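Trainee: Pasting a structure here, questions to come.
The values are calculated or read from the model by the stated rules, or taken from the named source; none is laboratory data. Worth saying up front: this structure is predicted, and the values here are computed from it rather than measured. So basically every Cβ, Gly included, is an ideal-geometry build from the backbone, and we count neighbours across all protein chains shown. Side chains included, ligands, DNA and RNA excluded: accessible areas come from the protein's heavy atoms. Shrake-Rupley method; radii C 1.70, N 1.55, O 1.52, S 1.80 Å.
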Amino acid sequence: MRPVYLFSISSHPDTVSVNSLSITFLQPEIDFSKYDAFIITSKQASKALQQYQTQLFQNIPALCVSKASAKSYEAIGGRVLDVGEGYGDNLVQKIKNYPKSMRWLYLRAKVVASDFVFVSKKEGYLIDEAIVYVSECSKDILNVEVVEESILIFTSPSSLECFLQTHTLSKRSTLIVIGKTTAKAVPKGIEYHISENTTIESCVELAKNI
């Protein structure tokens, strides 16, 4: 089997796992009593919440972008309100299932790929945003040496963008992206495969069948 490189914060035993991002957690002042629900689009947001006293947020349910982000919120004692399909853009439809009087807090990174908050607010939904972490390219991804004719898995737009800072995508390699949002970061003219589900397991399964 060809070497499979996974560029992600998470790892997988069947791949050469390369930590793609260096995460710095922030602790902005938040009045949790103002909000009816959180919006969580990554596991890092849940990790950032651990800097606050659990009793301040554990009764606030969360709309999570995916099953993985939902598990991360439950793991710190939170309750899941609803789960999306893995894409930030699709959260607009989820938000529309709730009254416009509902007060949301989006716990986010400094840089985000989706504009679902802008779209939702334009339609009259009450969403505040708190930047609770910052992602930067890790030294691991900037310095990694990739074997020719390998399979490269990218699990976020930022992981692909970081890789491209110091590498080029060889036409002899096969590119797999975790979903449509990450696919948007692929340079024009480069062929790629999209995993069936927005999970690392799905990406690895696809790699095994290529």
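Trainee: At R0 = 22 Å, how high is the FRET efficiency between Glu191 and Val147 if r is their beta carbon distance? Nearest 0.05 is fine.
Mentor: Details: r = 19 Å, r/R0 = 0.86.
With R0 = 22 Å, the Cβ-Cβ based efficiency is 0.70.
Trainee: Moving on. May I ask you to derive the FRET efficiency for Lys139 and Glu85 from their Cβ-Cβ distance with R0 = 41 Å, giving the value to the nearest 0.05?
Mentor: With a Förster radius of 41 Å, E is 0.75.
Trainee: Go through segment 116-210 and name the trypsin sites (Lys or Arg not before Pro) that are in a DSSP coil and have 13 or fewer other Cβ atoms within 10 Å of their Cβ. List each step's numbers first, then the result.
Mentor: On the way: sites: Lys121, Lys122, Lys139, Lys171, Arg172, Lys180, Lys184, Lys188, Lys208; in loops: Lys171, Arg172, Lys184, Lys188.
Filter output for segment 116-210: Lys171, Arg172, Lys184, Lys188.
Trainee: For the chain, what is Rg from Cα atoms divided by 2.2 N^0.38 Å, rounded to two decimals?
Mentor: On the way: Rg = 17.8 Å, N = 210, 2.2 N^0.38 = 16.8 Å.
Normalised Rg, Cα atoms only: 1.06.
Trainee: Show which aspartates and glutamates lie in cross-link reach of Lys43 when reach means a straight Cα distance below 18 angstrom and same-chain residues fewer than eight apart are skipped.
Mentor: Glu74, Asp82, Glu85, Asp89, Glu129, Glu136, Glu201
Trainee: Please give the FRET efficiency for Ser10 paired with Lys100, using the beta carbon to beta carbon distance and R0 = 45 Å, rounded to the nearest 0.05.
Mentor: In this case the efficiency is close to 0.80.
Trainee: A further question follows. Collect residues whose amide H, placed 1.01 Å from N in the peptide plane, falls under 5 Å from the amide H of His193; neighbours closer than 5 in sequence don't count.
Mentor: Those lying under 5 Å, H to H, from His193 are Leu175, Ile176, Val177.
Trainee: Could you list the GluC sites (Glu not before Pro) in segment 122-189 that lie in coil according to DSSP, counting only those with at most 14 other Cβ atoms within 10 Å of their Cβ?
Mentor: In loop regions of segment 122-189 (DSSP not H, G, I, E or B), the sparsely surrounded GluC sites (Glu not before Pro) are Glu123, Glu145, Glu148, Glu149.
Trainee: Nothing charged except the Cβ atoms of Lys and Arg (+1) and of Asp and Glu (-1): what's the magnitude of the dipole of the chain about its Cα centre? Round to the nearest 20 debye. It would help to have the intermediate numbers written out before the result.
Mentor: Values: 22 positive and 22 negative charges, 76 e Å.
So the magnitude is around 360 debye.
Trainee: Moving on to the next point. Just the number please: accessible area per residue for the chain, 1.4 Å probe, all protein chains included, in Å².
Mentor: 53 Å²
Trainee: In whole percent, what relative contact order does segment 68-210 give with Cα contacts below 8 Å and a gap of six or more residues?
Mentor: Working: 178 pairs, mean separation 24.7, N = 143.
With pairs under 8 Å counted, the relative contact order is 17 percent.
Trainee: Would you mind checking the pairs Lys122/Lys180; Lys122/Lys184; Lys67/Lys171; Lys47/Lys94 and listing those with alpha carbons more than 26 angstrom apart?
Mentor: Lys67/Lys171
Trainee: Determine the percent antiparallel among the DSSP beta bridges restricted to the chain, to the nearest 5.
Mentor: Close to 15 percent.
Trainee: How large a share of the accessible area of the chain, in percent, is made up of carbon and sulfur atoms when the probe is 1.4 Å and the other protein chains stay in place? The partial results should precede the final answer.
Mentor: Values: 5290 of 11080 Å².
Result for the chain: 48 percent of the exposed heavy-atom area is carbon or sulfur.
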